[in-house]
Amino acid sequence: MPDGFFIGPIHVRFYGIILMLGAVAGAWLATREAKRRGYEPDIVWDLLTYLLIGGIIGARLWHILTPPPSSGITASWYFTHPLDALAIWKGGLGIPGAVMGGLVVLYFYARRRKLNFAEWTDIVAPSIALGQAIGRWGNYWNQELYGKHTTLPWGLEIHGKGSANTYHPTFLYEFIWNVIGVGVLLWIDRRFKLRRPALFALYVAWYTTFRTFEEVLRIDPSHYFAGERVNFWVSLVVWVLSVGFFVWWQFFRREREEKPEVKKPRPIPKGPQMAVPKGRVRTGR
């Protein structure tokens, strides 16, 4: 399967095109959500560049610090081969790192622009799910991140192994799950009154719900702990934390009571007064 095409000497890869399509689609959705909350949509397009940089750096760092065992590469490899750390066109972008890198950038951007960080995490939450859904199709072109062997009609042929060797298209499952998640998050945000950033916590819980199941299906090389892939445990722990945070934040956390500011009475200005000599005041009769 071709992984891209050439424009002169430039090799344009489908993986990169699909990632950019996901980013633009997510930004488009964020502009609609921002406008619905009274913000200028241009903020999103200005923010997008910074989020892409932060997300890519975070995603690549996640891959570098947790390299698959089959690669024969350890994290220390990149210290002696720094240019390999930039080879994102070969794959190697971790979604957890992308989300964390994007959050760091969003935090500092919100501070600089004096925006409500918690509210903006909720604005971008459905957009992240949409971008992930579209971006997962890049794994199809790279022929990676598939699941176990299956005889189901939608089983995917991998690397030309033939119809007898078809595998679960886990990236397709994740695409469907995330698209449904976009609709669920948007409906919840319109139907219920949420304490920010409760919607972002729900996005994390929604994503890790499926990711925990997906890790059971995937067979790409991974480190294991207690018989399960490491990302299975990471996803499970994050799911527990996000659900716990949402329940506490939304239903049990008490709003901080702010004492109303007691304003001192404004002094009444006095006009000019006439001094009367003592002993010269007459009383009327």
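Values quoted throughout were computed directly from the atomic coordinates according to the rules given, and no laboratory measurement underlies them. Bear in mind that the values here come from a model prediction, so they are computed numbers and not experimental data. Note that each Cβ is placed from the backbone with ideal geometry, even for glycine, and that neighbours are counted across all protein chains shown.
Can you sort Trp137, Trp206 from fewest to most other Cβ atoms within 10 Å of each residue's own Cβ?
Neighbour counts put them in this order, fewest first: Trp137, Trp206.
By its C-alpha gyration tensor, with a ≥ b ≥ c as the square roots of the eigenvalues, how is region 110-257 shaped: rounded for a/c under 1.5, else prolate for a/b larger than b/c, else oblate?
Taking the square roots of the gyration eigenvalues as a ≥ b ≥ c, region 110-257 is prolate.
If we count every other residue with Cβ under 14 angstrom of Leu236's Cβ, Lys/Arg +1 and Asp/Glu -1, where does the sum land?
-1
Nearest 20 debye, what's the magnitude of the dipole of region 127-250 about its Cα centre given +1 on Lys and Arg Cβ and -1 on Asp and Glu Cβ?
My answer is approximately 500 debye.
What's the exposure ranking of Val230, Val44, going from fewest to most Cβ atoms within 10 Å?
Placing the least packed residue first, the sequence is Val230, Val44.
At a Förster radius of 35 Å, what calculated FRET efficiency corresponds to the Cβ-Cβ distance of Asn165 and Leu236, to the nearest 0.05?
Efficiency computed from Cβ-Cβ geometry: 0.70.
Positive end of the charge dipole of region 158-247 (Lys, Arg +1 and Asp, Glu -1 on Cβ, about the Cα centre): tell me which of Ile176, Leu202, Thr212 has its Cα farthest that way.
Most positive-ward Cα: Leu202.
Excluding Trp177 itself, what net charge comes from residues whose Cβ is under 11 Å from its Cβ, given Lys and Arg +1 and Asp and Glu -1?
For residues surrounding Trp177, the net value is 0.
In nanometres, what is the gap between the two model label sites at Gln143 and Arg32, each 7 Å from Cα along Cα-to-Cβ?
Each label point is offset 7 Å from its Cα along the Cβ direction, giving 3.7 nm.
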